[in-house]
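In what follows, a structure is listed as structure tokens, so that the remarks can point back to it.
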Amino acid sequence: MSEIILGTQIVTQVAIVVEDIEATARAWAKLLGVEAPAWRMTGSAQESHIRHRGEPTDGRAKLAFFDLGQVRLELIEPVGGPSTWREFLDEHGEGVHHIAFHVKGMDDVLARLDDQSIPLVQRGDYTGGRYAY
């Protein structure tokens, strides 16, 4: 049996970094035959405790979500200071940024990932949870 790293196989989200969240949300809504969701802004650095490459940052993002049953589609438009979202958009253009898994014991999972030479690039908090890339 292989070593347990994530501790889950439950995918909760697929996220796409975009240039224009409103236009992209309208396009996805048309494709899916649903209403375009309203976007919301991530919390301030003081609220989210965001750290990018180990340093505090004022990087923020506009977010829009489509609930697709088992998985959510997240659209991310970076704004503000340095972030993994801005890096991705600048280096690769629009595209899939991450696939999210629901994990228990995030600090333990991050330590196991680090042991596998998979570094933490960004982390932060939001109402109801926290995230790490």
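The figures follow:
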item	result
Members of segment 69-79 found to be modelled with pLDDT of 95 or more and either within 16 Å of THR127 (Cβ to Cβ) or open to solvent by 90 Å² or more (accessible area, probe 1.4 Å) (or both), listed by number	ARG72, GLU74
Positions within segment 1-59 being open to solvent by 50 Å² or more (accessible area, probe 1.4 Å), under 16 Å from GLU94 (Cβ atoms) and touching a residue at least 24 places away in the same chain (Cβ under 8 Å), in sequence order	GLU19, ASP20, TRP28, TRP39
Spans of strands (runs of 3 or more DSSP E) in segment 41-133 with at least 2 residues at positive phi	none
Pairs with Cβ under 7 Å, 6+ apart, first in segment 102-130 and under 22 Å from THR42 (Cα atoms), second in a loop (DSSP other than H, G, I, E, B) and open to solvent by 40 Å² or more (accessible area, probe 1.4 Å)	HIS102/ILE10; VAL103/LEU6; VAL103/GLY7; VAL121/ARG53; VAL121/TYR133; GLN122/TYR133; GLY124/HIS49; ASP125/HIS49
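The values are calculated or read from the model by the stated rules, or taken from the named source; none is laboratory data. Predicted model only: the values in this text are computed from it and were never measured. Counting neighbours? That spans all protein chains shown, and the Cβs are built from the backbone with ideal geometry, glycine included. The protein model used for the area step is the full one, side chains on, heavy atoms only, and it has no ligands, DNA or RNA in it. Shrake-Rupley method; radii C 1.70, N 1.55, O 1.52, S 1.80 Å.
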